[in-house]
Amino acid sequence: MATQSLLSMVPVALVASSFAFVQAAQSASPNPRSQNGDKCRCFPGDACWPTLAEWSSFNATVGGRLIATTPIAASCHQSNLANYDAQACQALRDVWWFPGTHLATSSSPMAPFWANASCDPFTAPTDQCVVGSYVQYAVKAANIADYQATLAFAAAKNIRLVIRNTGHDYFGKSTGAGGLALWTHFLKDTEIIDSYESTAYTGKALKLGAGIEALDAYQAADEAGVAIVAGACATVAVAGGYSQGGGHGPLNSAFGLGADQVLEWEVVTAGGQHLVASPAKNSDLYWALSGGGGGTYAAVISVTVRAHQLTKVSAATLYFTTSTNVSTDLFNGAVQTFLQTLPSLGEAGTWNQLQALLEPTLSFLNNNGIPYNYQIQQYSTFLEAFTGMFPVNNITEYNIGGRLIPKSLLEINSSKESFFDAINFITSQGGFVAGNSLDVSSFPSTGVDNSVNPVWRSTILDLVIGLAYDADDLQANIALQNRITNTIMPRLQALTPGGGVYLNEGDFRDPDWKTNFYGANYGKLLLIKDKYDPDGLFYGLTAVGSDRWTAQADGRLCRTSS
């Protein structure tokens, strides 16, 4: 049986290049006739594409914060963008799978599939290096005015708009050929609100700028003597697709999903309006942003979230694997024993409860002579537990899919066996299986409604599956993703009829994505999308309303109907 271990590695951050305005690479053969009309976004080489003078004027409007894209792997190729530098290229390859490498750039997506081998550090020096599938330009947003100016320019020039934060994204939403990115990553303000008051909540809260990452938020909360809900990956931004898409993490069972924490959103709409959305003000927009997917209703400037009191935090890690002395059947038996404890694990609150719930798995390992590494500890703060027990999360080197597994599936013997069979089938295909166990059935506890897929409320496990990414062969990854869609996912879907998928960790080729990602909420979400973005400025693959657009062979975004 194939297994996947978690290896903690220390990220090496690249020094970000200077943010100067330079000309982006243009099409080698400018097209004198626009291929766009009213149907397609304007594309480099089209007659409608802004002139250098227009880009320069726009750059002045945003305070010199317009960045023309040079792919970060340009040193790995001989091209008109840069000269080949073997030493610099190797240094980049050494840190390519660390989040910090891509966080520091305005254009590089963490999931390399979406760069479409435009300028890949692992291809030959003589292979292409073009801007290609990367955004053409990005605005390093510093304030509301930058948001408004960027949205207005993209709309006026009919240019594809991309909302880019950290680049943590399995769906290509943080990049796009011929695009202009609103780069929100450097909005890093944090405010502790000692007494937030609304009809839905009274108590401590944190206001977080769009670029605040999970570890930033955990540290700010800890300094204030509280804890907040964010992700297990330290570099995922709280206000981005995480909370807007639902948001799972270590504290979900105690306090709910990321979307359940939101008290208010501060946004700029497609039309340039600066709004606050809460249960009492612009409540429809609040509802849509809280679980209905990121980057499609409005551009988020900040989010205000609930803060929670935590007195003690218990955490445990357990590692075991196959070996010459541990058969696949024995390993599978240990995994199955652990999975059967998940319905109760979601309810664990103390060290003693956690230890007791893990005891069946530990006993199985001991009784069958399976070596393991086990640690359990109680901490006085959540931050201590997070930094002490959670492994460093680097970029997922897999083509992925996912499924929300209902609690009921693990409570009935016959369905448990079918689930175990499906897991064994996935690993027999060379796949990996990972997930986060949680129980958010009692949230949102205040009665404030949000647009989280209702399937989450009966879920016990957010399951992510994957086939290893081939860094040397893009076409091989297309074939692997086909296997995810056509061979692996149907096994899980058959077990969970009427189920769903975490919209940030699913199969981007899911033929039934509207139902699987959004459930019964899709129709209402589309109405809200059309109210606040009537011209469809915001776009992301599998986002609400995205089926009205399609990417052509060259990446150009065109409407599917008039």
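The values are calculated or read from the model by the stated rules, or taken from the named source; none is laboratory data. What you are looking at is a predicted structure, and each value in this text was computed from that prediction instead of being measured. Using ideal geometry, Cβ is built from the backbone for each residue, glycine included, and neighbour counts are taken over all protein chains shown. Heavy atoms of the whole protein, side chains included, go into the accessibility calculation; ligands, DNA and RNA do not. Shrake-Rupley method; radii C 1.70, N 1.55, O 1.52, S 1.80 Å.
Observations on the model:
- A protection proxy built from the mean count of other Cβ atoms within 10 Å ranks the segments 317-330, 483-496, 397-410, most packed first, as 397-410, 483-496, 317-330.
- Placing R0 at 51 angstrom, the Cβ-Cβ distance between GLU359 and ASP547 gives a FRET efficiency of 0.55 after rounding to 0.05.
- Computed across region 146-290, the Kirkwood radius stands at 16.1 Å (inverse of mean 1/r, all Cα pairs).
- All lysines inside 27 Å of LYS416 as judged from Cα atoms, apart from same-chain residues fewer than 8 positions distant: LYS407
- Convex hull volume per residue in cubic angstrom - Cα atoms of region 447-510: 104 Å³
- Listed by chain and number, the lysines placed with their C-alpha closer than 19 angstrom to that of LYS529 are LYS173, LYS281, LYS514; residues fewer than eight positions away on the same chain are left out.
- C-alpha center-to-center spacing [region 110-152, region 513-539] in angstrom: 26 Å
- Low-density loop cleavage sites - chymotrypsin sites (Phe, Trp or Tyr not before Pro) in region 266-298, where at most 13 other Cβ are within 10 Å (DSSP): none
- Between ASN80 and ASP38, the FRET efficiency from the beta-carbon distance, with R0 = 22 Å, is close to 0.10.
- Dipole size of the chain about its Cα centre, with +1 on Lys/Arg Cβ and -1 on Asp/Glu Cβ: approximately 960 debye, rounded to the nearest 20.
- DSSP bridge pairs, region 84-210: antiparallel proportion in percent, nearest 5: 40 percent
- Length gained on full extension, THR317 to GLN378, computed as 0.36 nm times the residue gap minus the Cα-Cα distance: 20.7 nm.
- Spherically averaged projected area of the convex hull of Cα atoms, the chain: 24.9 nm².
- Most to least packed among 74-84, 367-377 [average Cβ atoms within 10 Å]: 74-84, 367-377
- Nearest-ten-degree value, helix 351-367 long axis tilted from longest Cα axis of the chain: 70 degrees
- Highest mean first, the peptides 189-200, 56-67 sorted by other C-beta atoms within 10 Å per residue fall in the order 56-67, 189-200.
- Region 364-509: relative contact order in percent, alpha carbon pairs under 8 Å with at least 6 residues between: 35 percent
- Simple spin-label estimate for ASN325 and GLU197 in nanometres, 7 Å along Cα-Cβ: 6.6 nm
- Bridgeable aspartates and glutamates around LYS207 (alpha carbons under 16 Å apart, same-chain partners fewer than 8 residues away excluded): ASP189, GLU191, ASP194, GLU197, ASP216, ASP222, GLU223, ASP260, GLU264, GLU266.
- FRET efficiency, 1/(1 + (r/R0)^6) with R0 25 Å, evaluated for THR126 and VAL392 via beta carbons: 0.10
- Counting only protein heavy atoms and a probe of 1.4 Å, the accessible surface of the chain is 51% carbon and sulfur.
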